[in-house]
Amino acid sequence: MPLIHDLYHSQSKKNRFAAQRSIKKIASLTIGAVAYTLSLTAASAQEPVRLGFMDPLSGTFASVGTSGLKALEFAADYFYNSRGGILGGRMIEIVPLDNKQSPTETQLQFRRAVSEELRIIFQGNSSAVANTLNQTIAKHNRRNAGQEVLQINYAAVDPILTNEECSFWHFRFDAHAIMKLDVLTDFIAMNDELNSIYIIGQDYSFGQVVADNTIRLLGEKRPDIEIVGNEFHPIGQVKDFTPYVTKIASSGADAVVTGNFGADMVSLARSIIDSGLTVPIYTFYAAYDGITATLGADGKDRIRLIHTDRANPLASDERREFYRAFKAKNPDSDITQSRLVNALMMVVQAMEQTQSTDPYDIAVKLEDMRFTSIAGDELWMRGEDHQLFQPLYISKHTDEGIEFDADNSGFGLFTEYEVSTEDTLTDHSCRMRRPRR
Amino acid sequence: MSLLTLDAVCKSFGSTRIINDVSLDIEAGEKHAIIGPNGAGKSTLFHLISGRYNVSSGAIGFQGKSIHNLPPYEIARRGIARSFQVTNIFPRMSVFENIRCALLWSEGYRYSFWQLVGRQKKLNEKSFGILEQIGLSDKAQLPSGELAYAQQRALELGVAIASGAELIMLDEPVAGMSNSEAENAVALIRRITEGKTLIMVEHDMNIVFDIADRISVLVYGEIIATDTPENIRGNKRVQEAYLGEVPCDA
Amino acid sequence: MKKQFPIWLGFALALILLPQIFDTVLGISILNQMTIWIIFALSYNMLLGQGGMLSFGHAVYFGLGGFMSVHALNLIADEIIVFSITLIPLVGGAVGLLAAVFIGSFSTRKSGTVFAMISLGIGELIVASSLIFADFFGGEAGVTGDRTYGPPFFGIEFLQDAEVYYLGAFWLFVATLFMYLFTQTPAGRMANAVRDNPERAEFIGYSTRRVRFISFCAAGLFAGVAGGLFAINYEFITEENLNALTSGRVLLMAYIGGLGFFIGPIVGAVILTLMNSLLSNYSEMWMLYLGIMFLLTVLFLPRGFAGFIMMHQTAWQNRRLGTLILPYLITAIPASLFLAGFVGLVELSHKGDDTLSFFGLILGTESMLSWGILLTLTGIGALGVKLSGPRLDAAWVLANTVRSDNGGDAQ
Amino acid sequence: MAEVFVFATLNGLVTGLLLFMLASGLTLIFSMMGVLNFAHASFYMLGAYFAYTLSTYIGFWGGLLIAPLIVGGIGAAIERYGLRRVHQSGHVAELVFTFGLAFLIEEAVQFFWGRDTKNYQSPELFDFALFSLFGQEFSAYRGFMIAIACLIFAALYFILTRSRVGIIIQASISHPQTVANLGHNVPLIFMCVFGVGTALAGVAGVIAGPVLTTFPGMATVLGSIVFVVVVIGGLGSLPGALIASLLVGLLQSYAIAADVGVPELLNQFGVSFDSSHPLDDLWTLNLPQVAPVLPYLLLVLVLIFKPTGLMGNREE
């Protein structure tokens, strides 16, 4: 198997590797593989700016990770590398770090990142992983002054990351779950026809945050809405959601709120549709990566989701251009998380302004940065808790008015409701400990 | 007082009765053979005594204490050792290890996990002694599964007698052997059961009449006769039921 | 023991010297993983290899030991107890042992399928309860600790992974020694006997259930020690360290390494840790390769890699090992061609619109030439292996034929 | 409450019969070959994926006919070139082989079909409600699933009791050694049985794929449960497999439907705990939450008290 590694790197690192190998001729190939990794630490003058991208790239959850990686790599090429690079001609190199969506693997990949001197790590999927990375980085930075690492969280929405567990070395570019729920419940509250809600979610922290806060927020906004069900199911273990749907049906709910993602989302939505229930579903992650295609015509106008990207119709020509260019290169993929692009652009802006790639300098610069995204949205990174504020959107799954569809299915998201940046501001309980320099 | 007593022992599988009202006394030091046609229940009887099967009714006593329905290891600890019709050793362990394991309990090691077997001089010497007795000293380190058939049978005997049990039960010890192998085996059996009590099941009548002090004849789960070899030879019922059908000069 | 003294000395020396050779953060981190996995895999082999008990839930003891150890770290950090973190693996071991005593009391009655299924069921139950009892298990995010509190150990505060490595290496050495010594005790020998022939073991005076129970408890104890080391190394633990995936992984390690040899799980743990941490950096398809390798091992090396090495013992004793080198090399050339071609095909078919750099060639999915090159390579490789195979076989037979009269038959 | 009960029963029935389709093949394979096929659910997944691909060319019905044949063919080939070889190394090796096979098939599916959820739909023919009760619909497709499962059970029953092949198979279930001694080509029988068993799993995949979504994790979700069913039912017993399948299906369905838990139980005795109690998680446990682990609990209990399973009588 060490052969694979030869295949991969015989190109770029051929010479260095050959030299390394002649020294360790007696060592077996496997040891050679380790030795090779050592050689990566050497630095040179006009070397690229290397950014780590840590997400699941193999295993069950890989589709989300790989589509993010594609988007980030493309954005780096499109906005910077094809225009002469950053910081006076340095290219951006995205280094994929496959954490298999496992906290343990995250730690291993983090150590690899440190070995390879990756000082800025983009990470998004799974709050459990984000928490692990957050704490690992905090410990590492405390114990290894001068080798700090910065976490650019583009998707993990567990509120504690910018509240109780906030860290100077962590920046979140997505809106956290309570911010999103605030908007989603506003939207539900506006609909007078909704009198009863059924909440169902995966039995883990995000599912619980969704349930608790939906109940709390709706209680404040529409005390007349009855919560007729609050159900948790084990994550990723349910074969058939029909028994749950039976309960939803018999509860007489007018709408379903769920924080499910992945296969649990598809199966739940399909079961609801197959049972002939016509209730709308309010959710977070019900588009792209095969989900849109699978829901297809059955889910039309019934599924609404809250997200940070304005969907169809797109707001700016710049963003249209970007999408088209991406589609031309990756016909089978979509830009699923444009906040990844925002994060990249803001980090690069911080680098340019400080003329540095040092995580501390970048972190200081990112605090309270204001930025206009390619979609024309006004973004603000709050310095107190490192939470980004941005407009939030609610879109529905449909095939009407769709300029950019998802999964090449003809179906996509159409934005119905919008909340401006200022209206998403929330309190926080972060007491940040700032390192001294 | 008898060493082993069977009192009205019955064994049924479902509705089929395999052993029917068997009573038998074995004296200490006696060499006892059980013969009978195939399917008579000889092996079943062995399994009942050694604890592999529970009796359906009746009682089995050993040294004056009841042993029926005890688990096999309890019975083994009380001093009944047995061999099997089909070779039944520890195939992936060495010949020496087979014997040493068979010795462990009787040497008082029980389930010890704080003593190293390699350090136990007496245990190892005794194991080698038994290997010598059964003539496998030169194969000591070979995995026992790789032994020739006759050697495996010898090892089987060795494992059975290693613990120094009072009563030794051998189930067809020479089955499948050539004449010369069988001769050696008989000599070995004589040697190792000296001063012990022996019960054996065997089809080869020459061997049976050669070794046994007394013979029991088991037919369809019942003992039809128990007597000295001479009397059994002359017993009419036995001739009808058994000897008449099977030529014994095999 | 005396004869093996040089081996143990070499083992200790290797443990001391390895971090000097692989001294990057990644290198140390891989070595740390290895210490944990080796102990865990060895403990698993006490069940399957030594005791004949196929378990699908061995991670339970590893995980429970780890969870308790992280809680212990937190108790130390909160100054509720004063305890050196160097002894945390003992905490893990004690918890692993306790859990094994409890579960073993009913699951070791039978071996075979019944035991395997109980272990599977128990494993699933514990995983499920780990998500339900979030206070102790911390839900899907797990529990976190910090190893740098508590009384320093001769001035070492375990800030760096390298310091943790030496702690792990110490425990690895101790655990390996004790696990080896266990195999040499009456209980350890009887575990083998029960594995080989449970029925016979009963007739020489041993309760198979009791023998299995003792092995089971010992295996739980050492799995817990590995869990404790995990806690120190990663300073956190999650539900995934209890689940069937982890149990499956340790089974894989033991099996690929070779169940029948004490050293087998060590080999397996090293191979799998390396594959897991290095291969995954180069290919998204690494799990596919891992799966193929695993199946090929089961098919063609039923006694694992250690068994493969030990197969050469006869040739070594015959002093004909040298005659095998050339045939091996001759087969290795087409085999590596085949491997290269196959890997190239797998990778290329997964490249989409990208190109694949392949030994200086740039291959594209659109180009028929690219596919042609790879297919030809694979074909030539396969043909070469087929043609050179008989020669290797012949050499093998020759090398294993007894030259003089030194015991053993020709294979 | 009545409607919940009725639908919970129907749901349990559908799940149970689906499990049975898998369990029947697994039992067949185990009975004859002594192999506990860990990869059985992977063949189910293969069935769904092949049917998905075929359905885009020749429609659902073509897929239903051909996909199980392909899956069975793959199964037979794996028996011929894989299992048969491993068989020499013993039962553990076989189990470990199928364990690895499950892993490999999942990877291979991701390799060939990608990691996305597949848009595999039931035929439009069934796009209507079979009946409507208390305002809830029972889709025709679910009725179709029940029908297919019953058909398979009937066919299996007929073949096993009425045909010559069935007599050989039944004989193999109770006396595997004797059949070989009677001069039957046992390797060939093994290959066919493995092929048929996996094809049955394939059928289950074809008809379950549209309802339970076709994605790479679908085998894992079902994998160990099928195993549990077969063991609870009693290894090697087809009626046992049916009973255990329905039992597990209904148990889970009722558990989800029942909104009771520890708090309700405690209230009965007038006991309550406040939420700061250290064992809060235990006091707030409810039945739907633990529904998915009930089969495992049942498994452990059955194995402790009746190691041969409910209907099994074969000890190893």
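Each reported figure results from applying straightforward, stated rules to the coordinates on display, with no laboratory input. Computed from a predicted structure; not experimentally measured. Neighbour counts are summed over all protein chains in view; Cβ atoms, including those assigned to glycine, are modelled from backbone coordinates with ideal geometry.
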Taking only C-alpha pairs under 8 Å that are 6+ residues apart, what is the relative contact order of chain D in percent? 33 percent
For the stretch D:14-32 versus the stretch C:189-237, the gap between their alpha-carbon centres in whole angstrom: 33 Å
For an R0 of 56 angstrom, estimate the FRET efficiency from the Cβ-Cβ distance between A:ASP301 and A:ASN144 and round to the nearest 0.05. 0.60
Got a sec? How would D:CYS150, B:CYS101 order by Cβ neighbour count within 10 Å, fewest to most? D:CYS150, B:CYS101
Against the 2.2 N^0.38 Å scaling, with N counting residues, where does chain B land? I'd like the Cα-based Rg ratio to two decimal places. 1.02
Name the residues whose placed amide hydrogens come within less than 5 Å of the amide hydrogen of A:GLU231, ignoring near sequence neighbours (fewer than 5 apart) on the same chain. A:ILE199, A:ILE200, A:GLY201
Report the FRET efficiency, 1/(1 + (r/R0)^6), for B:ARG119 and B:GLU146, where r is their Cβ-Cβ distance and R0 is 35 Å, rounded to 0.05. 0.80
Between the alpha-carbon centers of the stretch A:167-204 and the stretch C:76-114, tell me the distance in whole angstrom. 41 Å
So, relative contact order of chain A in percent, Cα under 8 Å, 6 or more apart, is 15 percent
Can you give me the long-range amide H partners of C:GLY57? Hydrogens built in the peptide plane at 1.01 Å from N, cutoff under 5 Å, separation of 5 or more residues or another chain. none
Where in chain B is the longest stretch that carries no GluC sites (Glu not before Pro) classed as loop by DSSP and with at most 12 other Cβ atoms within 10 Å? B:1-193
With Cα springs under 10 Å, the Gaussian network model of chain C assigns the largest mean-square fluctuation among C:LEU245, C:LEU274, C:LEU299 to C:LEU299
Using only Cα atoms, locate the centre of the stretch A:343-388 and the centre of the stretch A:108-162, then give the distance between them in Å, rounded to an integer. 17 Å
Equivalent ellipsoid semi-axes, chain A, via Cα gyration tensor eigenvalues times 5, rooted, Å: 39, 24, 22
Which whole-number percent is the relative contact order of the stretch C:5-294 (Cα, under 8 Å, 6+ apart)? 36 percent
Please report C:THR323, A:THR294, C:THR86 as a ranked list, fewest other C-beta atoms within 10 angstrom at the top and most at the bottom. C:THR323, C:THR86, A:THR294
When N is the residue count of the stretch C:313-400, what does its C-alpha Rg come to as a fraction of 2.2 N^0.38 Å? 1.45
For the protein assembly as shown, the charge dipole (Cβ of Lys, Arg +1; Cβ of Asp, Glu -1; about the Cα centre) points to a positive end, and the Cα of B:TYR53, C:ALA394, D:LEU222 closest to that extreme belongs to C:ALA394
Residue by residue, what Karplus-based ³J(HN,Hα) values in Hz, rounded to whole numbers, does the stretch C:88-100 have, using 6.51, -1.76 and 1.60 with θ = phi - 60° and x for Gly and Pro? 4, x, 5, 4, x, x, 4, 5, x, 5, 4, 4, 5
Enumerate the calculated ³J(HN,Hα) couplings along the stretch A:258-274 in order (Karplus 6.51 cos²θ - 1.76 cosθ + 1.60, θ = phi - 60°), each rounded to whole Hz, writing x wherever the residue is Gly or Pro. 9, x, 4, 9, x, 5, 4, 5, 4, 4, 4, 4, 5, 5, 4, 5, 5
Rounding to the nearest 20 debye, state how big the charge dipole of the stretch C:5-294 is about its Cα centre with +1 on each Lys and Arg Cβ and -1 on each Asp and Glu Cβ. 1320 debye
Return the tail of the calculated pair distribution for the protein assembly as shown, meaning the percent of Cα-Cα pairs more than 63 Å apart. 18 percent
Mind sorting C:CYS217, A:CYS430 by how few other Cβ atoms lie within 10 Å of their own Cβ, fewest first? A:CYS430, C:CYS217
Give the percent of DSSP beta bridges with both residues in chain B that are antiparallel, rounded to the nearest 5. 55 percent
May I ask you to work out the translational diffusion coefficient for chain C at 4 °C, viscosity 1.567 mPa s, via Stokes-Einstein with Rh from the Kirkwood sum over Cα pairs, reported in whole µm²/s? 55 µm²/s
Over the alpha carbons of the stretch A:199-354, what is the largest minus smallest coordinate on each principal axis, giving the biggest first in Å? 56, 34, 29
Which percent, nearest 5, of DSSP beta bridges in chain A are antiparallel? 35 percent
For the stretch A:136-189, what Kirkwood radius comes out of the mean inverse Cα-Cα distance, in Å? 12.6 Å
Full extension between A:ASN230 and A:SER82 adds, at 0.36 nm per residue less the Cα distance, a length in nm of 48.2 nm
Read phi for every residue in the stretch D:6-13 and hand back ³J(HN,Hα) as whole Hz from Karplus 6.51 cos²θ - 1.76 cosθ + 1.60, θ = phi - 60°, with x for Gly and Pro. 4, 6, 4, 5, 4, 4, x, 5
Taking amide H positions as placed 1.01 Å from N in the peptide plane, with prolines and chain starts having none, which residues 5 or more places from B:SER94, or on another chain, fall under 5 Å of its amide H? B:SER144
Counting only DSSP beta bridges with both partners in the protein assembly as shown, the antiparallel fraction in percent, to the nearest 5, comes to 50 percent
Chain D: most fluctuating residue of D:ASN185, D:ASN267, D:ASN37 per GNM, C-alpha cutoff 10 Å: D:ASN267
